[in-house]
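**Student:** Sharing a structure below in structure tokens format, with a few things to ask.
The values are calculated or read from the model by the stated rules, or taken from the named source; none is laboratory data. Note that this is a predicted model, so its numbers are computed, not measured. Every residue, glycine among them, receives a Cβ derived from its backbone with ideal geometry; neighbour counts consider all protein chains shown.
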Amino acid sequence: MRALQEKQVEAFRDNGAIVAANAVSDDVLRQLREVFSNWVEESRAHDAPYGKICDGRPRFDLDDDHAPDHPSLRRVASPTDVSDVYAAVAFDSPMTDMACDLLGPDVRFHHAKVNSKLPRTKTVVKWHQDFPFDPHSNDDTLTALLFLDDVTEENGPLMIAPGSHRGPLLSHFQNGVFTGAVSDAAAAGFEK
Ligand SMILES: O=C(O)CCC(=O)C(=O)O
């Protein structure tokens, strides 16, 4: 059975993104939030990024305003490796079915992460395109972003630039260094 309606699939093709409800059950959402809260609590005991994923990078990434009484855990890399519920959501959930409707039926999981913008922390995610982070030989790829909290204009909502999936691919380098963000001029174009 399909998880998305045809008009949602068409909207995805036209705009490059859709918002879809009920990607996980209420109980699974509660479990995801609980696991994440535990990671935030654990982060209070650390003063530098910690843990390790398979390529050697830290699993738990702290922003530079992190302190024991002000946790600023901004990213958890590969949560699917260390949490059964995060793995279940990635591999077998309504969200997975939605990804299959958009790309499938044959799909391959690439990676997962948790981005967080905790209250009163410095964390920002700058305008970027995902493709340059994980170049592929074709563009049959997508990012499924599951919101664990209600999203408001005040708590760091994700923004997208509809239609930008049609290109061009923009440089994420400045002075020869990969910055993970497009130039200020390109970002201003996205915000129009
Ligand atoms: O959390 C955000 O604001 C953006 C997330 C995103 O674009 C990403 O993780 O690639």
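**Student:** Against the condition within 14 Å of the ligand (Cβ to nearest atom), among the acidic types (D, E), within 30 Å of V28 (Cα to Cα) and touching a Lys or Arg at 6+ places or on another chain (Cβ under 9 Å), how does D149 come out, does it pass?
**Tutor:** Working: within 14 Å of the ligand (Cβ to nearest atom): yes; among the acidic types (D, E): yes; within 30 Å of V28 (Cα to Cα): yes; touching a Lys or Arg at 6+ places or on another chain (Cβ under 9 Å): yes.
Answer is yes for this residue.
**Student:** Taking the stretch 131-143 as the region of interest, how many residues are at pLDDT 95 or above and within 11 Å of the ligand (Cβ to nearest atom)?
**Tutor:** 1
Each row is one residue, and each column tells you yes or no for (1) within 21 Å of Q129 (Cα to Cα); (2) in contact with a strand residue (DSSP E or B) (Cβ under 6 Å, 6 or more places away or on another chain); (3) among the basic types (K, R).
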site	(1), (2), (3)
I18	yes, no, no
D27	no, no, no
S43	no, yes, no
V82	no, no, no
V114	yes, yes, no
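**Student:** Another question, then. If you go through the stretch 162-179, how many residues are within 14 Å of the ligand (Cβ to nearest atom) and modelled with pLDDT under 95?
**Tutor:** The total comes to 2.
**Student:** Here's something else I'd like to know. Does A3 satisfy being surrounded by 12 or more Cβ atoms within 10 Å (Cβ to Cβ) and touching a Cys at 6+ places or on another chain (Cβ under 9 Å)? If you could, list the steps in order and put the result at the bottom.
**Tutor:** On the way: surrounded by 12 or more Cβ atoms within 10 Å (Cβ to Cβ): yes; touching a Cys at 6+ places or on another chain (Cβ under 9 Å): yes.
Yes: the conditions hold for A3.
**Student:** Here's something else I'd like to know. If you scan the stretch 105-130, which residues turn out to be among the hydrophobic types (A, V, I, L, M, F, W, C) and within 14 Å of the ligand (Cβ to nearest atom)?
**Tutor:** The answer is A112, V114, L118, V124, V125, W127.
**Student:** Taking V182 as meeting all but one of (1) more than 13 Å from the ligand (Cβ to nearest atom); (2) more than 16 Å from the chain's Cα centre (by Cα), write down the number of the exception.
**Tutor:** The failed condition is (1).
**Student:** Across the stretch 120-144, what is the number of residues that are surrounded by 14 or more Cβ atoms within 10 Å (Cβ to Cβ) and part of a loop (DSSP other than H, G, I, E, B)? If you could, list the steps in order and put the result at the bottom.
**Tutor:** As a first pass, look at the stretch 120-144 and keep what is surrounded by 14 or more Cβ atoms within 10 Å (Cβ to Cβ): 121, 123, 125, 127-129, 131-132, 141-142, 144.
Cutting the leftovers down to part of a loop (DSSP other than H, G, I, E, B) gives us 121, 123, 125, 127-129, 141-142, 144.
Here the count works out to 9.
**Student:** Kindly establish whether D63 is among the acidic types (D, E), in contact with a Leu (Cβ under 9 Å, 6 or more places away or on another chain) and either buried (at least 18 other Cβ atoms within 10 Å of the Cβ) or within 23 Å of V28 (Cα to Cα) (or both).
**Tutor:** So D63 fits the description; yes.
**Student:** Given the conditions (1) without any contact (Cβ under 8 Å) to a residue 40 or more places away in the chain; (2) out of contact with any Gly (no Cβ under 9 Å at 6 or more places or on another chain); (3) near the ligand (Cβ under 10 Å from one of its atoms), report the number of the one that E154 does not fulfil.
**Tutor:** Of the numbered conditions (1) without any contact (Cβ under 8 Å) to a residue 40 or more places away in the chain; (2) out of contact with any Gly (no Cβ under 9 Å at 6 or more places or on another chain); (3) near the ligand (Cβ under 10 Å from one of its atoms), the odd one out for E154 is (3).
**Student:** Still on this structure, please answer the following. Hey, any hits in the stretch 85-99 for a residue that's more than 16 Å from the chain's Cα centre (by Cα), farther than 26 Å from V9 by Cβ and surrounded by fewer than 18 Cβ atoms within 10 Å (Cβ to Cβ)?
**Tutor:** no
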